[in-house]
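One structure is given below, encoded as structure tokens.
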Amino acid sequence: MSQVYLNGEFIPVEEAQISVLDRGFLFGDGVYEVIPLFNGKPLQQEEHIARLYRSLDAIDLSIDQKPEEWSKLFQTLFFLNKDDGDNQSIYLQITRGTGKVRSHNYPDGVKPTVFAMTMPFIPGIQANQPHAGGKAITVADQRWQRCDIKSISLLGNLIPHHSAVQAGVTEAIQIDDQGRVTEGASSNVFVICDGRIITPPLSDRILGGVTRALILQLAANDSRYICEERELSANDLQQADEIWITSSSREIVPIIELDGVSVGSGKPGPVWEYMAGLYRSYRDGTS
Ligand code: PDD
């Protein structure tokens, strides 16, 4: 039986309960993180925790836990759920807690609800195993102006995700009302154009992905490919030699078909192959 963490206790998932007045349930008033553990070792934990506190700050929610206090909790959860394998993701969610009534006002003196669980995680990038790649569609970005906050209010992401599911593809890549590529329903987007690795710049229209930042950092340290953070159009996507989507749970997925048309050769491209190798070495601690 899975063990989860809820407000200071490790308990079986079936026993974990929150009030119907929890503001996460009523308003989606909370934030979250997904942190992958490879062989029980968190990847980019500091970066995930830093983003958690940025999200908390953005919604004016303070918690007792200090950034350095999470490691122990994550390790305990991992060991309690070790039967699920060596690769797991931590899902951490913090809401503004349970008010006395349903009110739009942020309540005073209410303890935030802190919840964490593990989810099995199957690394997509494996040594000596070809990647099947994924397909994507483009959709209109219909979300709000604070996509930089990792908010649990995810309807704006679920709608495009559902479109992707209905189309039988891996991801929906969103294009905003000014024709700019923003991000996937739950991933960041990269394209390869003339040998350059290009991704939209950080802004309040996208989530600053930890995987996105890691790829930019690995590419900069390696210096084989030039990276650019600049706006991309739907046309750039159509002309791209390669398209990738990135996230902590999916790593780097080469997109081999966009809106029913092959991307580049219709197979994972050489730049993806190279960068996936750098990522895998970093992840596995062999670089
Ligand atoms: N999602 N953009 C959006 C909208 C996301 O939801 C995610 C990740 C990313 C990539 O961020 P990172 O590289 O830090 O995982 C970008 C997580 C995995 C999820 O919601 O499950």
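Read-outs throughout are calculated quantities, based only on the coordinates presented, and are distinct from any laboratory measurement. On a predicted model such as this, the values are computed, not experimentally measured, just so you know. For neighbour counting, all protein chains shown are included, and Cβ atoms are generated from backbone atoms with ideal geometry for every residue, glycine included.
Using per-residue counts of other Cβ atoms within 10 Å, averaged over each peptide, order 145-154, 87-96 from highest down. Kindly include the intermediate steps, with their values, before the conclusion.
Working: 145-154: 16.7, 87-96: 21.0.
The densest-packed peptide leads the list: 87-96, 145-154.
Zone of I11 (label point 7 Å along Cα→Cβ, backbone N under 18 Å): which residues in the stretch 110-127?
111-118
Please list the non-local residues whose amide H lies under 5 Å from the amide H of G184, H modeled 1.01 Å from N, same-chain partners needing a gap of 5 or more.
Q174, V189
Can you give the helix-only mean residue ellipticity at 222 nm for the chain, where every DSSP H stretch with n ≥ 4 adds -39500 (n - 2.57) and the sum goes over all residues, rounded to the nearest 500 deg cm²/dmol?
Values: 7 runs with 77 residues, N = 287.
Helix-only estimate at 222 nm: -8000 deg cm²/dmol.
Enumerate the lysines that K267 could reach by cross-link, defined here as Cα to Cα under 23 Å, with residues fewer than 8 away along the same chain left out.
K135
Rank G85, L43, V13 by how far each Cα sits towards the positive end of the charge dipole of the stretch 3-120 (+1 on Lys, Arg Cβ; -1 on Asp, Glu Cβ) and give me just the farthest.
V13
Which net charge results when you count Lys and Arg as +1 and Asp and Glu as -1 among the other residues whose beta-carbon is under 13 Å from that of Q44?
On the way: positive: K41, R51, R212, R283; negative: E33, E46, E47, E251.
So the surrounding residues net to 0.
Okay, which of the stretch 113-140 sit inside 15 Å, backbone N to the point 7 Å along the Cα-Cβ direction of D259?
136-140
Which whole-angstrom value gives the distance between the alpha carbon centres of the stretch 251-270 and the stretch 139-153?
Centre-to-centre (Cα) distance: 25 Å.
Amide H neighbours of T98 under 5 Å, counting only residues 5+ apart in sequence or on other chains, H built in-plane at 1.01 Å?
Answer set, sorted by chain and number: R23, K111.
Given Cβ point charges of +1 (Lys, Arg) and -1 (Asp, Glu) and nothing else, what value in debye, to the nearest 20, does the dipole of the stretch 19-84 about its Cα centre take? Working shown, then result.
Working: 7 positive and 12 negative charges, 32 e Å.
Here the size comes out at about 160 debye.
Where does the charge balance sit around R143 when Lys and Arg score +1, Asp and Glu -1, over other residues with C-beta under 12 Å from its C-beta?
On the way: positive: R146, R205; negative: D141, D148, D176, D177, E183, D204.
So the surrounding residues net to -4.
Please give me the summed charge of the neighbours of L21: other residues whose Cβ is under 14 Å from its Cβ, Lys and Arg +1, Asp and Glu -1. Don't skip to the answer; put the middle values down first.
Details: positive: R23, R96, K100, R102, K111; negative: D22, D29.
Around L21, the charge tally is +3.
Rounding to the nearest 20 debye, state how big the charge dipole of the chain is about its Cα centre with +1 on each Lys and Arg Cβ and -1 on each Asp and Glu Cβ. Mind dumping the intermediate values first?
On the way: 25 positive and 37 negative charges, 50 e Å.
Computed charge dipole of the chain: roughly 240 debye.
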